[in-house]
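We did not get these values from a lab; they are worked out from the coordinates using the rules stated. Treat the numbers as computed from the prediction; the structure is a model and nothing was measured. Here the Cβ positions follow ideal geometry from the backbone for every residue, glycine too, while neighbour counts run over all protein chains shown.
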Amino acid sequence: MFQVTEINARLAIHPNSFGTSFREAAADAVESKYLDTVVDNMGLVVALQSVDSVSHGEVLSDEGSALVDVKFRLCFFRPWVDEVIHGTIAHMGEYGVSVTLGFFDDIVVPSSLLPKPHEFRNEAWTWFFVDEKDGCTTEMPMELGDTVAVRVCSVRYRRRPPHSDASPAMQAANALNEQRLLGSGQHANTSRVFPPMEVVATMDVD
């Protein structure tokens, strides 16, 4: 689920940071640029593991900042296919179920990958568990905040919104965004959001 990767980058150190060591200033610059961002094909940056080296600064005459070459290690959230992840249900809709890990919200279980048989009613999904021994059926309603296990089917990275909002991941992302806005007392807007990294999973976990 988590992977540490070495990165090399040229970063600008602001003059306000010249009073500290270049290593500390470089760490601040790395966290400011990378923390909580998605890097294509690498995952979500959740932590700076270490700053391994910092070059001498090259001062930019027009703004006073110093450019430095930094070698550092970042910890990425990068689930792999078939990995089982435990999270909580954050939202439900006809598209399926949105699952959050707390630090990452864009895990979606499309309705086609929910346990079968199932039914969407009263804004929630219900799984009908059929006992193989006696054939009896038990209703297993899902509720917001329930802890669930999901198995990763695919991980996708996007740099721009898809042409259609019809995908389960897009519907989940926008439903959660609207939920957050309303929860903070703001009015829901018509601007569409899209997840730069989306995890599609199944809830049919043995």
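Couple of notes before you dig in:
- Cβ-derived FRET efficiency at R0 25 Å, ASP52 paired with TYR157, nearest 0.05: 0.45
- Neighbour net charge for SER55 - beta-carbon separation under 12 angstrom, K R +1, D E -1: 0
- Kirkwood radius, region 79-148, all distinct C-alpha pairs, inverse of mean reciprocal distance: 13.0 Å.
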